[in-house]
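The values are calculated or read from the model by the stated rules, or taken from the named source; none is laboratory data. On a predicted model such as this, the values are computed, not experimentally measured, just so you know. Please note: Cβ atoms are built from the backbone with ideal geometry, for glycine as well, and neighbour counts cover all protein chains shown.
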């Protein structure tokens, strides 16, 4: 094709008398792009075409720091920015010094293999690749390079169906090994289903003891929409105790030093290890919240709203846990009168009858 679009920019690529002519037109309409292409072809035929000077693409570290991160910070939530910063730090030593045009699909495949051999999880590697792919998407859109090599790299397949949840006995052991600052945070996760980042964002203005609700503000919710969850008796008692023991700080959950939690991963992993709870992460507290609701007979649309899922398909992973509820529903059919012929009746009806003369 002599005219094609990548991102929002149009490009031309044609040949005349064995000479190839390529260039970027920019983010214009298709009609304008066609007009410019016609002019470029006429210039080539008339010998007036001037080959554009080829400026080398910027180095990855230069582009990310000067262009990409300023754009991303202005348009994305803080948690998203932090994830991209973490991904960039992991990739910087491998790709930071290279120009965008020098980063090939093969180099990215080698990076994947090296990270896997180093023991990094496939999910983490996928997040790093997603960051790099987004960087190249913007670089192509802004005319800094011509193609996105990450599009030719296959991501690892992720299994999102994991539904590990605590048993009552495991919960008792885990809470017993949580330090005083961590225990109410874990209890809140178990009774709200909030993510770790959402819990860290909670302020006392988000807690309404009169209406007995707790709210995640839109800026901290993963789907960008605020979410309010009712507080049960356990959660209300827990948060009131935290309120009495806390200083005049704005945040609900703070470290032992009284500073807002940025991360409690180390403290939680220590409690899990001491409690002897195998194969359990903090995010599994969210799975525990959802699983217990489903097993208690709560319908999936309600669970979806409480979890903040935009699509019920995400919530359907818990559907198989409602077997007892389904059995109870089917059991209700036993009360329906038997109006169908039983097998014994069928056998009797099929017995040949002797007609008397």
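Only a single criterion out of (1) crowded, with 20+ Cβ neighbours inside 10 Å; (2) outside the structural domain of residue 79 (by TED's automatic domain parsing); (3) at pLDDT 95 or above is not satisfied by residue 182, namely (3).
Applying the criterion of being assigned to a helix (DSSP H, G or I) and free of Cβ contacts under 8 Å to residues at least 60 places away in the same chain to the residues of region 277-304, the residue that is farthest from residue 217 (Cα to Cα) is 295. Exactly one residue among 198, 128 is touching a strand residue (DSSP E or B) at 6+ places or on another chain (Cβ under 9 Å), part of a helix (DSSP H, G or I) and surrounded by 20 or more Cβ atoms within 10 Å (Cβ to Cβ), and that residue is 198. Counting only helices (runs of 4 or more DSSP H) that sit wholly inside region 1-97, those with at least 1 residues that are farther than 30 Å from residue 195 by Cα and in contact with a helix residue (DSSP H, G or I) (Cβ under 6 Å, 6 or more places away or on another chain) are 60-63, 78-95. Does residue 144 qualify as being closer than 18 Å to residue 69 by Cβ, not assigned by TED's automatic domain parsing to the domain that holds residue 197 and not in a helix (DSSP H, G or I)? Considered against the rule, which asks whether it is closer than 18 Å to residue 69 by Cβ, not assigned by TED's automatic domain parsing to the domain that holds residue 197 and not in a helix (DSSP H, G or I), residue 144 comes out as yes. Within region 14-40, being over 38 Å from the mean Cα position of the chain (by Cα) and under 22 Å from residue 151 (Cβ atoms) holds for one residue alone: 22. Of 169, 158, all but one fail to be surrounded by fewer than 15 Cβ atoms within 10 Å (Cβ to Cβ) and over 21 Å from the mean Cα position of the chain (by Cα); the exception is 169.
State yes or no: is residue 239 surrounded by 15 or more Cβ atoms within 10 Å (Cβ to Cβ), part of a helix (DSSP H, G or I) and within 22 Å of the chain's Cα centre (by Cα)? Judged against the criteria, residue 239 is not a match. In summary, residue 119 fulfils each of the numbered conditions (1) touching a helix residue (DSSP H, G or I) at 6+ places or on another chain (Cβ under 8 Å); (2) surrounded by fewer than 12 Cβ atoms within 10 Å (Cβ to Cβ); (3) without any contact (Cβ under 8 Å) to a residue 40 or more places away in the chain with the single exception of condition (1). As a summary of the residue check, residue 274 satisfies the conditions (1) part of a helix (DSSP H, G or I); (2) surrounded by 12 or more Cβ atoms within 10 Å (Cβ to Cβ); (3) under 29 Å from the mean Cα position of the chain (by Cα) except for the one numbered (3).
Among residues that are at pLDDT 95 or above and either in the same structural domain as residue 145 (by TED's automatic domain parsing) or loosely packed, with under 15 Cβ neighbours inside 10 Å (or both), residue 108 is included. Of 205, 223, all but one fail to be touching a residue at least 60 places away in the same chain (Cβ under 8 Å) and either surrounded by fewer than 20 Cβ atoms within 10 Å (Cβ to Cβ) or touching a strand residue (DSSP E or B) at 6+ places or on another chain (Cβ under 6 Å) (or both); the exception is 223.
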